1. Taking the Cα-to-Cβ direction at Thr31 and at Arg109 and moving 7 Å from each Cα, how far apart do the two end points lie in nm?
2. At 4 °C and 1.567 mPa s, what whole-number value in µm²/s does Stokes-Einstein give for the translational diffusion of the chain, with Rh from the Kirkwood sum over Cα pairs?
3. Suppose only helical runs count, i.e. DSSP H with n ≥ 4. What mean residue ellipticity at 222 nm does that imply for the chain under -39500 (n - 2.57) per run, divided by all residues and rounded to the nearest 500 deg cm²/dmol?
4. Sum up the lysine pairs in the chain that clear both bars: alpha-carbon distance under 18 Å and a spacing of 8 or more or different chains.
5. Based on the mean of other Cβ atoms within 10 Å per residue, sort peptides 60-69, 42-51, 22-31 so the most packed one is first.
6. Using a 1.4 Å probe, what is the accessible area per residue for region 19-110, in Å²?
Amino acid sequence: MPAATKSPSAAPERSLTQRMEALNEANRIRTKRAQLKKDLRAGRSNVNVLLLSPPDYILSAKVSDLLLAVPKYGHVKVNKILAQCRISPSKTIGGLSQRQRAELVSHFRK
């Protein structure tokens, strides 16, 4: 039996233009996320608003990364909140259920 040169789940070939567009989009998203985290740390953004109606560029961000940007919330406190809300540390903002969003928001309204 000959060895397969490509696995069936291999990524499709992309042109240089497509790769550059994807790179530019990824950089744009990283820049916006970094600014959002700075705004959260400085108190210019509200985590509740972001959880209830997240902008498109944070939908693929991990919930734990967003919560770590909130002042006075470190790894221990964030992991405790995620465990109480039954949310996996690897869960993304876009992957949260309505129940999970509501529980997280209730933690930050206290």
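The values are calculated or read from the model by the stated rules, or taken from the named source; none is laboratory data. Given the structure is predicted, the values throughout are model-derived calculations rather than measurements. Quick reminder, even Gly has a Cβ in these numbers, built from the backbone with ideal geometry, and neighbours come from all protein chains shown. In case anyone asks, the SASA skips ligands and DNA or RNA and just uses the protein heavy atoms, side chains included. Shrake-Rupley method; radii C 1.70, N 1.55, O 1.52, S 1.80 Å.
1. Calculated label separation equals 3.6 nm.
2. Working: Rh = 16.0 Å.
The Stokes-Einstein estimate is 81 µm²/s.
3. One gets -17000 deg cm²/dmol as the mean residue ellipticity at 222 nm.
4. Final tally of qualifying lysine pairs is 16.
5. Working: 60-69: 18.8, 42-51: 14.4, 22-31: 11.2.
By packing density, highest mean first, the sequence is 60-69, 42-51, 22-31.
6. Details: 5670 Å² over 92 residues.
Computed with neighbouring chains in place, this is 62 Å² per residue.
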